[in-house]
Amino acid sequence: MPMKHRPLPHPLLLLPMLLGVVAGLLTSCPARAGQGDGACGAAGAAVSAPEPGLALRNDWRQEETPAELPEEAPSTYRRYAMLVMANAYPGLKSEDLINNIFDPLMGAIAPGIEQVNTFGDMRDNCLLWVPNVGGGYNISRHFSLFLTLGYGAGPVTTEDDQRSIFLLPLHLYFKMKRSAFTVTPGVDYFPFGMVEQRDYHGLMDRLRASRPMLGVRVPWTHAGYKADVKLGLGPVEKLIDIHLEDTWRIWSVNLNVGMDVPVNRRNQVNVNIGRSIFFAHDDDFGGTVFSITWKHLF
């Protein structure tokens, strides 16, 4: 059966259809070169823009480092407590009688007998340390006032038995005791200002922050002296028995130079050396003094 052919539509009838297709192509998302605005650009921006509040990291392998805490401001403590150890080197001229007269005499009577131990021997061995405690107040960046109390006491004893020129043993007992109680007001001057009260890191940081000082102390000293001497020969153990004692109340002045070294914002160490000049018996009590002081500020 023969097929029937439909007639083709007139070309003018296809024009509306072609216009609809062109309009659809113009409003679709594929953008032409150079097109930055429009619906497709807005849509692309909406797709690529991050969500609000979401921070993207440029390098996902980089570790986050916490921010360093700010350094605290220097403190302004004015009051402080003190612990002082003073190493004294007094003249002790009164002990020359022992070294120059007593020891040679005993050696002549009993060769080989032990020489008497004295405080001069302790001084020469750097063993005369006197502890002090006290407190002070920084009245400015350059001046500090303080007051300390100190006490030190102790004996030195010598005992020996040696055959004498009299063919009998010589018995020697020699005991000395010295004591000193001191009340010491003083003032320190810092020509370049005091140590800054802050945190420190390492030894060199502390040494660079150290500050020199000049000091004046005016101690009042109650000093005491006791000596017991016993000499025996053969069966007589106390042929000679001597007891001596004396006390002195003396003012003195100590001029010194030193340095404050910081430990942290509330602790400092002061080292200084000076010369004590006593207004009486200076040849016995006066001399060089080396001190180490721990200061705790509050």
Checklist outcome for this item: Residue set 221, 247; condition β-branched (Val, Ile, Thr), in contact (Cβ under 8 Å) with a residue 24 or more places away in the chain and surrounded by 14 or more Cβ atoms within 10 Å (Cβ to Cβ); output residue 221
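Would the stretch 198-210 turn up any residue that is assigned to a strand (DSSP E or B) and either without any contact (Cβ under 8 Å) to a residue 60 or more places away in the chain or touching a helix residue (DSSP H, G or I) at 6+ places or on another chain (Cβ under 8 Å) (or both)? Before the answer, list the steps.
Taking the stretch 198-210 and keeping what is assigned to a strand (DSSP E or B), we get none.
No: zero hits.
Okay, residues lined up against (1) hydrophobic (A, V, I, L, M, F, W, C); (2) under 23 Å from residue 126 (Cα atoms); (3) touching a Leu at 6+ places or on another chain (Cβ under 9 Å); (4) assigned to a strand (DSSP E or B):
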{"residue": "249", "(1), (2), (3), (4)": "no, no, no, yes"}
{"residue": "257", "(1), (2), (3), (4)": "yes, yes, yes, yes"}
{"residue": "263", "(1), (2), (3), (4)": "yes, no, no, yes"}
{"residue": "268", "(1), (2), (3), (4)": "no, no, yes, yes"}
{"residue": "271", "(1), (2), (3), (4)": "yes, yes, no, yes"}
{"residue": "283", "(1), (2), (3), (4)": "no, yes, yes, no"}
{"residue": "288", "(1), (2), (3), (4)": "no, yes, no, yes"}
{"residue": "291", "(1), (2), (3), (4)": "no, yes, no, yes"}
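For residue 98, are the conditions met, namely being outside any helix (DSSP H, G or I) and either in contact with a Ser or Thr (Cβ under 7 Å, 6 or more places away or on another chain) or of a type in the set (Val, Ile, Thr) (or both)? Outline the logic, then answer.
Details: outside any helix (DSSP H, G or I): no; either in contact with a Ser or Thr (Cβ under 7 Å, 6 or more places away or on another chain) or of a type in the set (Val, Ile, Thr) (or both): yes.
For residue 98, the condition - outside any helix (DSSP H, G or I) and either in contact with a Ser or Thr (Cβ under 7 Å, 6 or more places away or on another chain) or of a type in the set (Val, Ile, Thr) (or both) - is not met.
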Checklist entry - Mind checking which residues of the stretch 203-233 are under 21 Å from residue 181 (Cβ atoms) and not small (Gly, Ala, Ser)? => result 216, 217, 218, 219, 220, 221, 222, 225, 226
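Out of the residues in the stretch 66-92 that are of a type outside the set (A, V, I, L, M, F, W, C) and modelled with pLDDT under 95, which is surrounded by the most Cβ atoms within 10 Å (Cβ to Cβ)?
First, the residues of the stretch 66-92 that are of a type outside the set (A, V, I, L, M, F, W, C): 66, 68, 70-72, 74-80, 87, 89-91.
Now narrow it down to the ones that are modelled with pLDDT under 95: 66, 68, 70-72, 74-76.
Numbers: 66: 5, 68: 6, 70: 6, 71: 8, 72: 9, 74: 11, 75: 13, 76: 8.
Within the stretch 66-92, the match that is surrounded by the most Cβ atoms within 10 Å (Cβ to Cβ) is 75.
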Checklist entry - Conditions: (1) within 30 Å of residue 280 (Cα to Cα); (2) surrounded by fewer than 17 Cβ atoms within 10 Å (Cβ to Cβ). Residue 201 meets all but one. Number of the miss? => result (1)
Next on the checklist: As an exercise: evaluate residue 63 against (1) part of a loop (DSSP other than H, G, I, E, B); (2) of a type in the set (Asp, Glu); (3) modelled with pLDDT of 95 or more and give the number of the one condition it does not meet.
Outcome noted: (3)
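To keep it simple, each residue is scored yes or no on (1) more than 29 Å from the chain's Cα centre (by Cα); (2) at pLDDT below 95; (3) in a strand (DSSP E or B); (4) of a type outside the set (A, V, I, L, M).
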{"residue": "214", "(1), (2), (3), (4)": "no, no, yes, no"}
{"residue": "223", "(1), (2), (3), (4)": "yes, no, yes, no"}
{"residue": "231", "(1), (2), (3), (4)": "yes, no, yes, no"}
{"residue": "238", "(1), (2), (3), (4)": "yes, yes, yes, yes"}
Checklist outcome for this item: Over the stretch 109-168, the set of residues among the β-branched types (Val, Ile, Thr), part of a loop (DSSP other than H, G, I, E, B) and surrounded by 13 or more Cβ atoms within 10 Å (Cβ to Cβ) is 113, 116, 118
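The values are calculated or read from the model by the stated rules, or taken from the named source; none is laboratory data. These figures come from a predicted structure and were not determined experimentally. All Cβ positions, even for glycine, are placed from backbone atoms using ideal geometry, and neighbour counts span all protein chains on display.
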